[in-house]
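Okay, structure first, notes after.
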2 protein chains.
Amino acid sequence: MHFQTFTKNYKKSFEKYLTNLVQDKSQTAIEEAMRYSLEAGGKRLRPLILIALVNAFDKDVLQAYPAAAALEMIHTYSLIHDDLPAMDDDDLRRGKPTSHIKFTEATAILAGDALLTKAFEVVTEGELSDKLKLALVRELAQASGHEGMVGGQQADMDGENKDLTVEELASIHSRKTGMLIRFAFRAAGILSEVDKNTLSDLDTIADKVGIAYQIRDDILDVSSTEEELGKRVGADAKHGKSTYPALLGLERAQELFAEHLDEALALNEAINNRISNFDKELLESFIQSLKLN
Amino acid sequence: MHFQTFTKNYKKSFEKYLTNLVQDKSQTAIEEAMRYSLEAGGKRLRPLILIALVNAFDKDVLQAYPAAAALEMIHTYSLIHDDLPAMDDDDLRRGKPTSHIKFTEATAILAGDALLTKAFEVVTEGELSDKLKLALVRELAQASGHEGMVGGQQADMDGENKDLTVEELASIHSRKTGMLIRFAFRAAGILSEVDKNTLSDLDTIADKVGIAYQIRDDILDVSSTEEELGKRVGADAKHGKSTYPALLGLERAQELFAEHLDEALALNEAINNRISNFDKELLESFIQSLKLN
C-alpha cells in the first residue's frame, strides 16, 4: 500500500485513539494543556511510520497503537519544553500559540512532564506479551532520555554559536531527533517479532531517514515562508545554530539528503528480498515522499 | 529491626546504586546536572520505606532497589521542576543552590526530563518477573502523572491565593505528595506479592502517613529556622498557599497529625496479625520517628 493511502486510512483513527487517552479527570488545566498540544496536529509521521511498518510486516496494526501513541506523546512533550522561554523561546508551533503562550509557563512545564509520564503508562497497554511490552518500555526510555533525545537537546544548546563539524552536527541530530525516529522503526520490528538482520536494517534505515529529515528541515528553514511551514522560519540563524546548508552549502546539502534517501531505499529492498510477505511499497513511498521538489 | 538501624545499614548502599545509574556518556552538562540533584542528599525516605517494607515482608531487599531508585528519580525531578522560576522560584534546596541556579534554567528543565525518563528504564531492571515489572511501570506512571503528582502540582498552583477547605487541601496533597509515598508502600507490597487485604492496608497507611507528613511540613514551615530545615522557611505564606496550621490553627493541626499517625500504627498491627513473618518494628519505628517533639 502507498504510504499516503495508509495515512489517509489510519491517521484519524489513530488521532482519536491518541486524544482519548487523556481524559479530564484532575479538574485542573493540565489535561486541557495536554490535549491542546496533542490535538495541535502535525503530520504524525513517527507514529504513522510505526503503524505502517507493522502493517507492512503483515501484523495487526491495532497492536501498534499504544507504542505509536506513546511515541507521539514523547514527541509532543519535547516540543512543549523546547518552545519554553528558557529553551528556544518560540511563540508559534504548527500555526498555533505554543503551550506556554496559550496557558502559563508553569502549566506548559507540567503538561510536558505529564505527557512524558503518560507515554510510559500507554506503552504498557494492549494485547502484547509482557516481554514485548517491557522491551518497548526500555527502548522508549533509552531513545528519549539523557543518552537519547534529551541528551541531544542539551548538546544542541551547547553547540549554539559554536563552529561544529558535520560529524558533530550529525551526532547531535542523531540523538535530538534521530532516536525517536529510530524508536518508530525498532518498535515496529520488535512488535512484529522480525529477525535480527531485519531489525538491524530497520535501525540503519531509521538513521538514514533521520539525517535526511534533519537536512530537509534545515533546507526548508532557509528556503520557505512561515505560511508554508506553519512556524517561524530563520529560527536556526537566530539561535546561532549550525545547519547542513550553512556547513556544506545548499547544493551539497541537497546531494547528501538524496544519498541518504537512496541508501534507505536500498535497505528497504534488502528487507523485501528477505521477507516474503513484506509490503515494500509502504516504506518506499514514504521515503519517496520526503524528496524535495 | 528499627527503621533508623535499617536506614543506617542500607542508605549508603542504596545511594551508591542510585548515583551509579547515571553515567557520564553524553558529554553534555546533563548527566552532571542529574547527578548533582541525585547526590544532593536528603533523607531518601520514600525509597528507604520501600526497601524497608520489602525487608519487613522477609523478601530480598536488592529486588527493591530498582523501584526505589526509580521512585527517588521521580521525586528528584519533581523538585528540580518545582524550584524553577516559573514554578516556586526557589534558589535553595537541601542547603545547596537549586539546579537552575547551579546550571541554567534550560539544563534544569532537561535534567528533570531526563531523570523522569530514566526512572522508567530503571524500574524495569533487576530479577523480577516481567509481570511484576510491568505492574511497577504502570503504578509509577499513574502515581506521578496527570492524575497523580503532576496533576497535584497544577492543583496546588491553582489553589494559591484562594480560600481552600481542609478537604480541598487534602485532595491536592494526596496527589502532589501522597501518590509517590503511596507508590513506596504499594510497590513494596507488589514486589513482595502480598495478599489483597495487606495491599489495601498498605494503601491506607500510605495515605495516613502522607497527610501526616504534609501537616508536619506545614507546621515546620511556620515554626523552624532555615538552618534547621536547610531550605527557606515561610515559603507557604510567600506563595499564598493554604496550610493546615493556617486553616485549622496550630493546635488542631498538631492533633490531626497525631491522629493520622495513630491510625497508621493500628493498620501496621493489623498486617502483623495477618502475616506471621512480618517485621512490624520497621514501620512502627518509622511512624514513631515522624512525631514532633
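The values are calculated or read from the model by the stated rules, or taken from the named source; none is laboratory data. Here the structure is a predicted model, which means the values were calculated and not measured. All Cβ positions, glycine included, derive from the backbone under ideal geometry; neighbour counts span all protein chains shown.
Taking (1) in contact (Cβ under 8 Å) with a residue 12 or more places away in the chain; (2) not in a helix (DSSP H, G or I) in turn, A:MET179 satisfies each apart from (2). Among the residues that make up segment B:190-197, is at least one of them part of a helix (DSSP H, G or I), surrounded by fewer than 24 Cβ atoms within 10 Å (Cβ to Cβ) and facing chain A (nearest Cβ under 7 Å)? Within segment B:190-197 (the criterion being part of a helix (DSSP H, G or I), surrounded by fewer than 24 Cβ atoms within 10 Å (Cβ to Cβ) and facing chain A (nearest Cβ under 7 Å)), the answer is no, since none of the residues qualifies.
Residues checked against (1) within 14 Å of chain B (Cβ to nearest Cβ); (2) surrounded by 16 or more Cβ atoms within 10 Å (Cβ to Cβ); (3) over 23 Å from A:ILE181 (Cβ atoms):
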site	(1), (2), (3)
A:LEU18	no, yes, no
A:GLU31	yes, yes, yes
A:GLU39	no, no, no
A:LYS43	no, no, no
A:PRO47	no, yes, no
A:ALA67	yes, yes, no
A:TYR77	yes, yes, no
A:ASP89	yes, no, yes
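Look at segment B:114-130 and say how many of its residues are within 7 Å of another protein chain (Cβ to nearest Cβ) and either surrounded by fewer than 19 Cβ atoms within 10 Å (Cβ to Cβ) or more than 21 Å from the chain's Cα centre (by Cα) (or both). Of the residues in that region, 1 qualify. The residues of segment A:131-164 that are of a type in the set (S, T, N, Q) and at the interface with chain B (Cβ under 7 Å from one of its Cβ atoms), listed by number, are A:GLN142, A:SER144, A:GLN153, A:GLN154.
Yes/no per residue for (1) under 28 Å from A:GLY151 (Cα atoms); (2) of a type in the set (Lys, Arg); (3) touching a Ser or Thr at 6+ places or on another chain (Cβ under 7 Å); (4) modelled with pLDDT under 95:
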{"position": "B:THR5", "(1), (2), (3), (4)": "no, no, no, no"}
{"position": "B:ARG44", "(1), (2), (3), (4)": "yes, yes, no, no"}
{"position": "B:LEU48", "(1), (2), (3), (4)": "no, no, yes, no"}
{"position": "B:ASP58", "(1), (2), (3), (4)": "no, no, no, no"}
{"position": "B:ALA70", "(1), (2), (3), (4)": "yes, no, no, no"}
{"position": "B:ASP83", "(1), (2), (3), (4)": "yes, no, yes, no"}
{"position": "B:ALA86", "(1), (2), (3), (4)": "yes, no, no, no"}
{"position": "B:LYS96", "(1), (2), (3), (4)": "yes, yes, no, yes"}
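Please determine whether any residue of segment B:267-283 is at pLDDT 90 or above, touching a helix residue (DSSP H, G or I) at 6+ places or on another chain (Cβ under 8 Å) and β-branched (Val, Ile, Thr). Checking segment B:267-283: at least one residue is at pLDDT 90 or above, touching a helix residue (DSSP H, G or I) at 6+ places or on another chain (Cβ under 8 Å) and β-branched (Val, Ile, Thr). When you scan segment B:105-113, do you find a residue that is surrounded by 20 or more Cβ atoms within 10 Å (Cβ to Cβ), farther than 20 Å from A:LEU140 by Cα and facing chain A (nearest Cβ under 7 Å), even just one? Scanning segment B:105-113 turns up at least one residue that is surrounded by 20 or more Cβ atoms within 10 Å (Cβ to Cβ), farther than 20 Å from A:LEU140 by Cα and facing chain A (nearest Cβ under 7 Å).
Scan segment B:240-266 for residues that are in a loop (DSSP other than H, G, I, E, B) and either buried (at least 17 other Cβ atoms within 10 Å of the Cβ) or at pLDDT 95 or above (or both) and jot them down.
B:LYS241, B:SER242, B:THR243, listed by residue number.
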